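What follows is a single structure, written as structure tokens, with notes after it.
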Amino acid sequence: TPEEIAEGIDALCKEIRQRSPQSHIVLMAIFPRGAKPGDYLREPIRQTDQLLAQRYSAAPTVTYLDIGKQFLAPDGSLISALMPDGTHPSDAGYEIWANALIQAGLRP
């Protein structure tokens, strides 16, 4: 469930914080799945991302990034050129992802 996923991510973040207190965590929202806006995968992902945003958007040791909308057309459909198999980004999709990380202050 979205709640269980958020709790699992919270447990991982706490473990990272315990093992490496100086680390800054970059937490990405789940990328959209399903070709069309009404796809059965969209709602659980939306709920999970909402829970993560509520928990981590203002967390001082976490950068929460949600770039999912950049993979969607104006009508909400998944842009196949950016996610050809519906799950994994293409080179162009990875470029969007990399640029978002750079804009968030991460450098290679």
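For this structure, a couple of remarks:
- Restricting attention to the stretch 91-108, the residues being surrounded by 12 or more Cβ atoms within 10 Å (Cβ to Cβ) and not small (Gly, Ala, Ser) number 7.
- Taken together, Thr1, Thr48 contain a single residue that is in contact (Cβ under 8 Å) with a residue 40 or more places away in the chain, hydroxyl-bearing (Ser, Thr, Tyr) and crowded, with 17+ Cβ neighbours inside 10 Å, which is Thr48.
- Test set (1) of a type outside the set (A, V, I, L, M, F, W, C); (2) touching a Gly at 6+ places or on another chain (Cβ under 9 Å); (3) within 28 Å of Leu12 (Cα to Cα) - Gly76 fails condition number: (3)
- Any hit, the stretch 77-90, residues being of a type in the set (Val, Ile, Thr), within 17 Å of Gly34 (Cβ to Cβ), open to solvent by less than 30 Å² (accessible area, probe 1.4 Å) and within 17 Å of the chain's Cα centre (by Cα): no
- Any hit, the stretch 83-91, residues being under 18 Å from Pro2 (Cβ atoms) and in contact with a strand residue (DSSP E or B) (Cβ under 8 Å, 6 or more places away or on another chain): no
- Enumeration of residues in the stretch 4-34 that are assigned to a loop (DSSP other than H, G, I, E, B) and surrounded by fewer than 14 Cβ atoms within 10 Å (Cβ to Cβ): Ser20, Pro21, Gln22, Ser23, His24
- One residue stands out among those in the stretch 54-64 that are open to solvent by 30 Å² or more (accessible area, probe 1.4 Å) and assigned to a strand (DSSP E or B): the one that is nearest to Gly93 (Cα to Cα), which is Tyr64.
- Across the stretch 8-67, the qualifying residues are those that are under 15 Å from the mean Cα position of the chain (by Cα) and farther than 30 Å from Pro84 by Cβ, and the one among them that is modelled with the lowest pLDDT is Ser57.
- Neighbours by Cβ (under 7 Å, 6+ apart or cross-chain): first from the stretch 89-108, part of a helix (DSSP H, G or I) and of a type in the set (Gly, Ala, Ser); second open to solvent by 50 Å² or more (accessible area, probe 1.4 Å) and modelled with pLDDT of 90 or more: Ala92/Ala81
The values are calculated or read from the model by the stated rules, or taken from the named source; none is laboratory data. Everything numeric here is computed off the predicted structure, so don't read it as measured data. Note that each Cβ is placed from the backbone with ideal geometry, even for glycine, and that neighbours are counted across all protein chains shown. What goes into the accessible areas is simple: the full protein's heavy atoms, side chains included, and nothing from ligands, DNA or RNA. Shrake-Rupley method; radii C 1.70, N 1.55, O 1.52, S 1.80 Å.
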